[in-house]
Amino acid sequence: MRLALFDLDGTLTKEDTFLAFIQSTHGKPRFYLGFLWLSPLIFLYKIRLLSNWKLKQAVLHYFYKGWSKEKLDQGGRKFALEVLPALILPDARERLRWHQAQKHRIYVISASCDVWLEAWCDKEGISLISTRLNFLNDIFSGKFGTPNCHGLEKVVRIKDEIKLGDFEYIYAYGNEPSDYPMLDLANEKYYCHFTK
């Protein structure tokens, strides 16, 4: 059996799904106002004084803290089924179809959250390993429920959830240096493979 591991944002998609999801749930005016408010944190991230995961958690906290699980799930499902399909690059869609035709096991490994990816993955018959959110009494706490699935954490999660020894051959696809650890798991690796 063969395994295909795909990063999502920028690899399969033409834009970042995290930002697209926020626009989907809040609209563009509130999206831009929110990021104006968050701009000091973005500046700290740009000069490497704030980590990727801390910035991402701060953005999630700002836009979604206090939302019910039901409300987030509804927004995520709507995004996954109505917005996300149009963000998939045509070449990437063809490659997914090829792996499906070969009966390969396919996983999306993403730092984006299950809330806005799960319904699309389910519809496509693709397994998902991603960042998850923390809910207390079905209310989003503003924090991650798992470590951010980014960089080396992707490899940790892959090894926790997939028996790699069960696969005779592994393909992996990524688009940024943080994907290198995941690509190193593969027999056949593709970096920035799909056209924009």
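Here are the numbers:
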{"quantity": "Strands (runs of 3 or more DSSP E) completely within the stretch 129-196 that count 2 or more residues being touching a residue at least 60 places away in the same chain (Cβ under 8 Å) and farther than 19 Å from CYS113 by Cα", "calculated": "169-174"}
{"quantity": "Residues being touching a strand residue (DSSP E or B) at 6+ places or on another chain (Cβ under 7 Å), in a helix (DSSP H, G or I) and either of a type in the set (A, V, I, L, M, F, W, C) or exposed (fewer than 13 other Cβ atoms within 10 Å of the Cβ) (or both) - total across the stretch 52-95", "calculated": "3"}
{"quantity": "Any hit, the stretch 101-109, residues being part of a helix (DSSP H, G or I), out of contact with any Cys (no Cβ under 7 Å at 6 or more places or on another chain) and surrounded by 13 or more Cβ atoms within 10 Å (Cβ to Cβ)", "calculated": "no"}
{"quantity": "Residue tally, condition more than 27 Å from ASP7 (Cα to Cα) and either out of contact with any helix residue (DSSP H, G or I) (no Cβ under 9 Å at 6 or more places or on another chain) or buried (at least 17 other Cβ atoms within 10 Å of the Cβ) (or both), over the stretch 17-32", "calculated": "1"}
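Here, each number is a calculation from the coordinates, and none is a lab measurement. The structure presented is a predicted model; accordingly, all values stated were derived computationally and were not measured. Here Cβ is always computed from backbone atoms with ideal geometry, including for glycine, and neighbour counts include all displayed protein chains.
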